[in-house]
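Following: one structure in C-alpha cells, then a few remarks.
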Amino acid sequence: MQIAVIDLGVGNLRSVEQALSVVAPDANIVVTSDTGVIAQADRVVMPGQGAVGTWFKALRERELEAVVRASLAEKPMLGICVGMQALFEHCEEDGGVDGLGLFSGSVRHFSNFHGRANGDDSPRLKIPKMGWNQVTQNQDHALWHGIADDSYFYFVHSFCANTASENGPNITYGEADYGHNFIAAVGRENVFAVQFHPEKSHDDGLKLLKNFTQWNG
C-alpha cells in the first residue's frame, strides 16, 4: 500500500509522515508533489498549516489541483487542518479565497461568529486557538472506530468551518466548542477531513490515522 502525503511546502509534513509510518509500518509513505505519484497512490493525505491563500498558491504553482480533484473523487483521502478548510466553497482568510467546493459553506474567522466569542460578559477568546479540545462525534464513521466520544485532540487555527443549510447534518462527523460550536470533522463518501492535528494528538490521533490506513472509502 502506498500513501501519498501531498507536499505544498506547508504543514507538519514530516510529523504526518512519521505518524503514518508508526501506524502502518508496512506501507510506503511518500511526501510528494509529484502528480504521477499522487495519482498512483492507494490513499492520499492532504495536510496544511498557515494561511489558506498560501496553500492554494502552492497548489496551483505545483500544478496539483487537477490530481487533488481526481483523488477526491476516487480514493480514500484525509484532509488535515487547512487541508480540511480548503474543501469548502469559500474561506474569508487572505481577503477571501474560493475553495475546492466539495462541501457547501464557508470558513470564517472565530471573531465573526456570534456567541461567547463576541459576548460582552465573557472573556475574549485567544486567537489563534491553540491547544486541546474535546471533539463530539456527531455520527458513526470508520475513522472513529476505537476512539471514545468527546476525546481530546490538538488544534491550531484562527478560522473555522460552518456549512450551508442544504448540507444538513449529514456531512458533519465531529464538532468542538470554542466560544461556539464549529466543525471538527467532516466527510462524504471517500473523503474525511479534520480541523485538528491527529499527528499531534497522541494515542487517539494515531488511532484515527491507523483507521484511515485501513479504510476503503
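All of the numbers you see were taken from the coordinates with simple rules; none came from a lab. Because the structure is a prediction, the values reported are computed rather than measured. For neighbour counting, all protein chains shown are included, and Cβ atoms are generated from backbone atoms with ideal geometry for every residue, glycine included.
Things to note:
- Alpha-carbon radius of gyration plus Dmax, which is the widest Cα pair, for the chain in Å: 16.3, 54
- Eigen-decomposition of the gyration tensor built on the alpha-carbon atoms of the stretch 144-217 gives equivalent ellipsoid semi-axes of 20, 17, 10 angstrom, largest listed first.
- Relative packing of peptides 43-51, 144-152 - highest average C-beta neighbours within 10 Å first: 43-51, 144-152
- From phi via Karplus (6.51, -1.76, 1.60), per-residue ³J(HN,Hα) for the stretch 15-29 in Hz, x at Gly/Pro: 5, 5, 4, 5, 5, 5, 5, 5, 7, 9, x, 8, 7, 9, 9
- When its C-alpha radius of gyration is set against 2.2 N^0.38 Å (N residues), the stretch 1-106 gives a value of 1.02.
- Mean ellipticity per residue at 222 nm, deg cm²/dmol - from DSSP H runs of n ≥ 4 across the chain, formula -39500 (n - 2.57): -7000 deg cm²/dmol
- Of all DSSP bridge pairs formed entirely within the chain, close to 55 percent run antiparallel.
- For G48, the amide hydrogen comes within under 5 Å of the amide hydrogens of N12, I80, V82, G83, counting only partners 5 or more places away or on other chains and with H modelled in the peptide plane.
- The chain: relative contact order as a whole-number percent, Cα under 8 Å and 6+ apart: 20
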